[in-house]
Amino acid sequence: MNATDTNLYEVLELIDAATSQDIDRAYRIARATYQPASTATYSLFSDDENAEILQRIEEAYAVLSDPRMRREYDARLRRDRASRHTAPPSAAPKMVALPVRENEPPAPSVPDYSLDEPDEPDDGVYDGPALRRVRIRHGIELDEISARTKINESHLSAIEQNRYDHLPAGVYLRGFLREFAKCLKLDPKAVTESYMALFIAHDRRPGRA
């Protein structure tokens, strides 16, 4: 979880329409999760990172639990989102076609296996299979990622298989996704937001507690 990359609702794992009871409950869970003695995050974040996250959690709760401050914050969020949607797209570079000699078949395209280039899915959705394709493309085994991140291999496997019912609570899952993405040279924020949207949608299906 990179608190500086998320808005205040995301810090507490909330949606914009969260009730005051939702905010209180999320705050208690988040504080317990990122305390220095928490076994859930001790291997993922340093003491300084945990302190930064706890400070962001306190800031989020202070704003969202105060009706007036929350209204002002919501208005600012709406303005920010509107400005992003109206920003002009950057000009794409022109592609120049190379001449093809007559009767000579075109050279086969060679995939780029460079780890320095991010592998973005066509639809922009980083679900489990998309992450697995990137991992396999780069020849990285799950046990390597597990050893590097200290995340249980069973959790990594559940992420790749979209086995949402076998994944930990969202406040833990964010940290796992962030570290997983870093190992694959992907944008941690994009991966986390995309996967968490699928996870939350699954968790809110009718008939689930």
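The values are calculated or read from the model by the stated rules, or taken from the named source; none is laboratory data. Keep in mind that what you see is a predicted model, and the values were worked out from it rather than measured. Here the Cβ positions follow ideal geometry from the backbone for every residue, glycine too, while neighbour counts run over all protein chains shown.
Things worth noting here:
- Selection status of Ile57, surrounded by 13 or more Cβ atoms within 10 Å (Cβ to Cβ), modelled with pLDDT under 85 and either out of contact with any Asp or Glu (no Cβ under 7 Å at 6 or more places or on another chain) or not in a helix (DSSP H, G or I) (or both): no
- Enumerated helices (runs of 4 or more DSSP H) restricted to the range 117-193, each holding at least 3 residues that are on the phi > 0 side of the Ramachandran plot and outside the structural domain of Arg31 (by TED's automatic domain parsing): none
- Condition met for Leu186 (out of contact with any strand residue (DSSP E or B) (no Cβ under 6 Å at 6 or more places or on another chain) and closer than 28 Å to Ile23 by Cβ): no
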